[in-house]
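Enquirer: To start, I am sharing the structure in question, which I have written as structure tokens.
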2 protein chains.
Amino acid sequence: MTIDWDEATTRQPLLRVMPDALRRVAVLHHFNAGETLFRRGERPKVVLCVLDGEIRLVRHSPAGAEIVVQRSRGGFVAEASFEAKVYHCDIVTAEKGRLLLFPLPLFRAALDGDRWFNRAWIGLLAREVRRLRAQCERLSLNSAAERILHYLEAEGDQGTITLTQSRKAWAAELGLSHEVVYRTLRKLQDAGTLVVDGDRLTLLSRER
Amino acid sequence: MTIDWDEATTRQPLLRVMPDALRRVAVLHHFNAGETLFRRGERPKVVLCVLDGEIRLVRHSPAGAEIVVQRSRGGFVAEASFEAKVYHCDIVTAEKGRLLLFPLPLFRAALDGDRWFNRAWIGLLAREVRRLRAQCERLSLNSAAERILHYLEAEGDQGTITLTQSRKAWAAELGLSHEVVYRTLRKLQDAGTLVVDGDRLTLLSRER
DNA sequence: GGGTAGATATGATTTGAATCATGTGCTTGC
DNA sequence: GCAAGCACATGATTCAAATCATATCTACCC
């Protein structure tokens, strides 16, 4: 199964600067929902890059409940492989999709041997940290309006943003039910705080 | 003002593998609450490492509200400096403390020139990503009990954890009011789900 | 075309977390 | 010793988000 690198690169720009030696050993894997990719206790041997679909890192509580420790709907899932001797979670698929597998030792070697790939990787991680810290701040706000305004301020450009996902998916990212997102958008519009134009949201400056 | 590297290293273990050349150019800065360290639009020239106290990256919404994009109560704040040509936020102090300043070009040079420091930096970022993703998952749960159980599962070892912070601070990390944390801990104890022994929390396996 | 699935959208009801109030006990500093 | 400040803890009340219900609109498949 050959990999369409142009298509993969649009989904994950870091792949553009990935050294050829590492690209050549990549394996494309198609998965369906409900597969178990790796189990707790196994030794990590690969770095994952999700292209499509959703995978989850889950633990099972003693009471039997399933705890989602993290999920990925696109991008690298490398932290677990890099740091730990064994997986502390099961890695399962939640929604049909595709991912790339890179052998861990070769991935490390590429980071050590290729300065540009190394810098790009650090940049990717740093951006992810920034984005996640902002998201945690946002999720700590306890009103729907505050979360939406925080999103516009933090992720938008001059208070304007074009949503690239459905409102339902956005609601999930905001940690809100989609109903509340619809209602709050309406309230903010009626109050003159916000203008909604399709997927384009603009924060209005309130005259004082 | 000389820097006590032993003390600093206990707060931030990465400093142990930092090359001497970079250590020698570090500057220690004591700050009080309410100082503005950098302003939006300035060009980043340093990497920060918070030892004590709290600093925040804030934006001001058109409506005049202050939006906390991220906060740090310890550890590196480098993402902004690394990625952007100019700061997109003001960086202000929220609580008296100390931080280390590293000149940005020398920090980059150290990452390029010292393999061990480079690997340690990548490891630090990767761990932070993992921790933050777990925290976002947790903050998306909408009951106090679920968040507490998720914390025990994700951050604990075999369902046991020793809190290293006050319950109030923990409540803030969970995105809950401290009152709800007290009440929910009591409820979980009464239900036999959990044992609280001072700062030691243990999840009990429910027989089925 | 008809049927299904899903996003969008809004209303009614319930529920649980925030908030306010209050009190205890522990430290810290004078 | 005493006061101030703070973490810990619990009760009463309020309020807003979750949930359930329902309807429209679109896209897609047969």
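Enquirer: Identify the single condition in (1) on the phi < 0 side of the Ramachandran plot; (2) surrounded by 14 or more Cβ atoms within 10 Å (Cβ to Cβ); (3) more than 9 Å from every other protein chain (Cβ to nearest Cβ) that B:D4 does not satisfy, given that it satisfies every other one.
Expert: The number of the failed condition is (2).
Enquirer: Here is a list of conditions, (1) more than 27 Å from B:G113 (Cβ to Cβ); (2) more than 11 Å from every other protein chain (Cβ to nearest Cβ), and A:C89 meets all of them except one; can you say which number that is?
Expert: Every condition holds for A:C89 apart from (2).
Enquirer: A further question on this structure: Taking region B:92-109 only, how many residues are within 14 Å of chain A (Cβ to nearest Cβ), at pLDDT 90 or above and surrounded by 15 or more Cβ atoms within 10 Å (Cβ to Cβ)?
Expert: Of region B:92-109, the ones within 14 Å of chain A (Cβ to nearest Cβ) are B:94, B:104-105, B:107-109.
Adding the requirement that they be at pLDDT 90 or above leaves B:104-105, B:107-109.
Restricting the remaining residues to those that are surrounded by 15 or more Cβ atoms within 10 Å (Cβ to Cβ) gives B:104, B:107-108.
Total meeting the criteria: 3.
Enquirer: Something else: Need a quick list: strands (runs of 3 or more DSSP E) entirely within region B:16-72 having at least 2 residues that are touching a strand residue (DSSP E or B) at 6+ places or on another chain (Cβ under 6 Å) and among the polar types (S, T, N, Q).
Expert: Details: elements: B:27-31, B:36-38, B:46-50, B:54-60, B:66-72.
Of the strands (runs of 3 or more DSSP E) lying wholly inside region B:16-72, those with at least 2 residues that are touching a strand residue (DSSP E or B) at 6+ places or on another chain (Cβ under 6 Å) and among the polar types (S, T, N, Q) span B:66-72.
Enquirer: Among all residue pairs at least 6 apart or on different chains, which show Cβ distances below 6 Å where the first residue, located in region A:10-31, is more than 14 Å from A:G75 (Cα to Cα) and in contact (Cβ under 8 Å) with a residue 40 or more places away in the chain and the second is of a type in the set (F, W, Y) and not in a helix (DSSP H, G or I)?
Expert: A:A26/A:F102
Enquirer: Would it be correct to say that B:A120 is in contact (Cβ under 8 Å) with a residue 40 or more places away in the chain and either among the hydrophobic types (A, V, I, L, M, F, W, C) or surrounded by 15 or more Cβ atoms within 10 Å (Cβ to Cβ) (or both)? Before you say what the answer is, go through the steps one by one.
Expert: Details: in contact (Cβ under 8 Å) with a residue 40 or more places away in the chain: yes; either among the hydrophobic types (A, V, I, L, M, F, W, C) or surrounded by 15 or more Cβ atoms within 10 Å (Cβ to Cβ) (or both): yes.
Judged against the criteria, B:A120 is a match.
Enquirer: I'd like to know if region B:179-189 contains one or more residues that are without any contact (Cβ under 8 Å) to a residue 40 or more places away in the chain, crowded, with 18+ Cβ neighbours inside 10 Å, away from chain A (no Cβ under 12 Å) and β-branched (V, I, T).
Expert: Looking through region B:179-189, at least one residue is without any contact (Cβ under 8 Å) to a residue 40 or more places away in the chain, crowded, with 18+ Cβ neighbours inside 10 Å, away from chain A (no Cβ under 12 Å) and β-branched (V, I, T).
Enquirer: Among the residues of region B:152-165, is any free of Cβ contacts under 8 Å to residues at least 12 places away in the same chain and within 19 Å of the chain's Cα centre (by Cα)?
Expert: Narrowing region B:152-165 to residues free of Cβ contacts under 8 Å to residues at least 12 places away in the same chain: B:157-158, B:165.
Next, from what is left, pick out any that are within 19 Å of the chain's Cα centre (by Cα): B:165.
The answer is yes; a qualifying residue exists.
Enquirer: Is it the case that region B:62-84 has a residue that's of a type in the set (F, W, Y), within 13 Å of another protein chain (Cβ to nearest Cβ) and in contact (Cβ under 8 Å) with a residue 24 or more places away in the chain?
Expert: At the first step, the residues of region B:62-84 found to be of a type in the set (F, W, Y) are B:76, B:82.
Subset that is within 13 Å of another protein chain (Cβ to nearest Cβ): B:76, B:82.
When the remaining residues are screened for being in contact (Cβ under 8 Å) with a residue 24 or more places away in the chain, the result is B:76, B:82.
Yes, that holds for at least one residue.
Enquirer: Taking into account only those residues within region B:86-99 that are under 23 Å from B:L124 (Cα atoms) and free of Cβ contacts under 8 Å to residues at least 60 places away in the same chain, which is farthest from the chain's Cα centre (by Cα)? Can you show your working first?
Expert: Residues of region B:86-99 that are under 23 Å from B:L124 (Cα atoms), as a first pass: B:87, B:91, B:97-99.
Those still in the list that are free of Cβ contacts under 8 Å to residues at least 60 places away in the same chain too: B:87, B:91.
Working: B:Y87: 20, B:I91: 15 Å.
The qualifying residue farthest from the chain's Cα centre (by Cα) is B:Y87.
Enquirer: Exactly one condition in (1) within 10 Å of chain B (Cβ to nearest Cβ); (2) farther than 30 Å from A:E79 by Cα; (3) more than 16 Å from DNA strand D (Cβ to nearest atom); (4) buried (at least 21 other Cβ atoms within 10 Å of the Cβ) is not met by A:A126; state its number.
Expert: Exception for A:A126: condition (2).
Enquirer: How many of the residues making up region B:7-24 are among the β-branched types (V, I, T) and loosely packed, with under 14 Cβ neighbours inside 10 Å? I'd like the intermediate steps shown before the answer.
Expert: Of region B:7-24, the ones among the β-branched types (V, I, T) are B:9-10, B:17.
Next cut, loosely packed, with under 14 Cβ neighbours inside 10 Å only: B:10.
Qualifying residue count for the region: 1.
Enquirer: Right, here's the next one. Among the residues of region B:140-154, count how many are surrounded by fewer than 24 Cβ atoms within 10 Å (Cβ to Cβ) and of a type in the set (D, E).
Expert: Total satisfying the criteria: 1.
Enquirer: Output the qualifying pairs, or none if there are none: Cβ atoms under 7 angstrom, residues six or more apart or on different chains, first residue in region A:131-150 and more than 8 Å from chain B (Cβ to nearest Cβ) and closer than 23 Å to A:R200 by Cβ, second residue within 15 Å of DNA strand C (Cβ to nearest atom) and part of a loop (DSSP other than H, G, I, E, B).
Expert: These pairs meet every condition: A:A144/A:L176; A:R147/A:L141; A:R147/A:L176.
Enquirer: Hey, another quick one. Which residue, of A:D112, A:D157, is within 9 Å of chain B (Cβ to nearest Cβ), away from DNA strand D (no atom under 16 Å from the Cβ) and exposed (fewer than 15 other Cβ atoms within 10 Å of the Cβ)? Steps first, answer last, please.
Expert: Working: A:D157 fails: within 9 Å of chain B (Cβ to nearest Cβ).
Selected residue: A:D112, the only one of A:D112, A:D157 that is within 9 Å of chain B (Cβ to nearest Cβ), away from DNA strand D (no atom under 16 Å from the Cβ) and exposed (fewer than 15 other Cβ atoms within 10 Å of the Cβ).
Enquirer: Here's a follow-up. For region A:160-208, how many residues are away from DNA strand D (no atom under 12 Å from the Cβ), of a type in the set (A, V, I, L, M) and closer than 29 Å to A:E54 by Cβ?
Expert: Number satisfying all stated conditions: 5.
Enquirer: May I pose another question? Hey, which of the helices (runs of 4 or more DSSP H) in region B:114-208, taking only ones fully inside, have at least 2 residues that are of a type in the set (A, V, I, L, M, F, W, C) and within 15 Å of DNA strand C (Cβ to nearest atom)? Working first, answer last.
Expert: On the way: elements: B:115-140, B:144-155, B:167-174, B:178-190.
The qualifying helices (runs of 4 or more DSSP H) are B:144-155, B:167-174, B:178-190.
The values are calculated or read from the model by the stated rules, or taken from the named source; none is laboratory data. Being a predicted model, the structure only gives us computed values, none of them experimental. Every residue, glycine among them, receives a Cβ derived from its backbone with ideal geometry; neighbour counts consider all protein chains shown.
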